[in-house]
Amino acid sequence: MDCVTAKIVLHHYPQSPVSEKVRVAFGIKRIAWHSVHIPRLPPKPELVLLTGGYRRTPVMQIGADIYCDSLCILHALQQFVPSPTLFPDDNDCWVLSAWTDGQFFRQAVAVVLGSEVDNLPPEFAADRGRLYFGRNYDLNALAAGLDHLVGQLRAHLTVMQQLLGERRFMHGEQPGLADTLCYYLVWFIQGRYRKGPRLLADFPFLQAWAKRVEAFGHGRQSEMSAEESHNIALRAHPITDPVIDVADPLRLRLGDPVGVVPEGDGGDPPVHGELVCLTSETISVRRWHERVGDVVVHFPRIGYRISAADSC
Ligand SMILES: N[C@@H](CCC(=O)N[C@@H](CS)C(=O)NCC(=O)O)C(=O)O
């Protein structure tokens with residue numbers, strides 16, 4: 001385990017709420033990790049050398065294995081560092097993310113962007129507008145409907161507080177995955193929505209819980225340059241074993257050239273590579289670049305579209 005944790009690198013930036021989800025998991029697991037700061041806006045040339053084009057935040061690197069998307073990261077973390085577990089009550093609660101990372105997160109983003117529409121730097125507004133609301137995004141419409149959006153956010157917070165009840169953590173006495181999935185939203189609303197602290201004041205149980213989660217911190221982090229992280233990848237070999245689910249409806253074979261892209265209309269470029277792993281949980285592709293060598297890039301299956309590509 002020490003050998004794995006010594007090599008964990010998170011590519012992120014401090015203001016990123018989805019990264020906060022992962023940093024909190026590092027805190028719960030008391031992990032020592034390396035922090036590489038990436039830009040908040042593309043271009044992200046150092047990051048995409050590792051990911052092959054995936055530009056979202058965060059990305060975790062262990063040697064020459066690159067994990068895209070916070071859910072893929074948390075799965076890998078639980079696999080490589082099983083203790084302390086993210087499932088202290090044996091409740092395998094991944095399904096919660098369909099709500100927290102779906103409707104709830106979009107609602108929170110809508111309120112944060114809609115309430116700051118006159119103050120956002122234009123490139124940031126254009127990038128996040130497209131990423132979260134598609135090519136026909138309209139931030140002014142969000143601003144005009146803000147009362148409705150805040151009402152929705154309040155309704156989601158009410159459900160979250162009911163979920164917590166009077167427990168110390170979402171799972172009971174010990175923190176776990178459900179706390180990471182819920183906490184980053186409260187952190188985001190508190191820190192990035194001007195009226196967030198006022199809104200959250202109506203949820204005293206959630207506020208007290210958020211303080212308990214915050215107290216776990218982020219584990220032990222040390223800064224690392226992007227170049228160092230590239231050198232780590234260059235010196236390592238991917239540890240992923242090839243696995244192809246023969247019953248998969250896409251009927252792909254090991255080594256097939258494929259493209260992988262987040263679903264939706266966010267304008268993300270596909271990541272091309274040779275298929276290494278295809279299961280109902282994960283899709284992984286192998287890529288090469290002279291600065292990072294052979295890497296395997298991992299994505300969750302849910303929420304990602306795979307297409308056969310003629311060449312990589
Ligand atoms: N499904 C992805 C979503 C990641 C996401 O949307 N992250 C935001 C930052 S919190 C992002 O990528 N923003 C644009 C960027 O950082 O370039 C995950 O769970 O990791």
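Taking the stretch 20-38 only, how many residues are assigned to a helix (DSSP H, G or I) and either free of Cβ contacts under 8 Å to residues at least 40 places away in the same chain or out of contact with any Phe, Trp or Tyr (no Cβ under 8 Å at 6 or more places or on another chain) (or both)?
Selection size over the stretch 20-38: 3.
Given the options LEU41, LEU74, LEU50, name the one that is assigned to a loop (DSSP other than H, G, I, E, B) and either within 12 Å of the ligand (Cβ to nearest atom) or in contact with a helix residue (DSSP H, G or I) (Cβ under 8 Å, 6 or more places away or on another chain) (or both).
LEU41
Cβ contacts < 6 Å: first residue outside the structural domain of GLY165 (by TED's automatic domain parsing) and under 11 Å from VAL112 (Cβ atoms), restricted to the stretch 190-205; second residue outside any helix (DSSP H, G or I) and at pLDDT 95 or above, any location; separation 6+ or different chain. Result?
Hits for this filter: zero, empty list.
So ARG30 ticks every box in (1) more than 9 Å from the ligand (Cβ to nearest atom); (2) buried (at least 16 other Cβ atoms within 10 Å of the Cβ); (3) over 12 Å from the mean Cα position of the chain (by Cα) but one. Which box is left unticked?
(2)
List the number of the failed condition for ASP89; all other conditions in (1) within 14 Å of the ligand (Cβ to nearest atom); (2) of a type outside the set (A, V, I, L, M, F, W, C); (3) out of contact with any Ser or Thr (no Cβ under 9 Å at 6 or more places or on another chain) hold.
Every listed condition holds for ASP89 apart from (1).
On the given criteria, is GLN107 away from the ligand (no atom under 13 Å from the Cβ), touching a residue at least 24 places away in the same chain (Cβ under 8 Å), not aromatic (Phe, Trp, Tyr) and not in a strand (DSSP E or B)?
Yes, satisfied.
Test ASP69 against the criterion of being in contact (Cβ under 8 Å) with a residue 40 or more places away in the chain, within 13 Å of the ligand (Cβ to nearest atom) and either surrounded by 19 or more Cβ atoms within 10 Å (Cβ to Cβ) or not hydrophobic (A, V, I, L, M, F, W, C) (or both), and give yes or no.
Yes: the conditions hold for ASP69.
Give me a count of the residues in the stretch 168-225 that are within 18 Å of the chain's Cα centre (by Cα), surrounded by 21 or more Cβ atoms within 10 Å (Cβ to Cβ) and not in a helix (DSSP H, G or I).
Qualifying residue count, the stretch 168-225: 1.
State all residues of the stretch 285-303 that are within 16 Å of the ligand (Cβ to nearest atom) and surrounded by 20 or more Cβ atoms within 10 Å (Cβ to Cβ); if no residue qualifies, say none.
Within the stretch 285-303, VAL297, HIS298, PHE299, PRO300 meet the criteria.
The values are calculated or read from the model by the stated rules, or taken from the named source; none is laboratory data. Nothing here was measured: the structure is a model prediction, and the numbers come from that model. Virtual Cβ from ideal backbone geometry, glycine too; neighbours counted across all protein chains shown.
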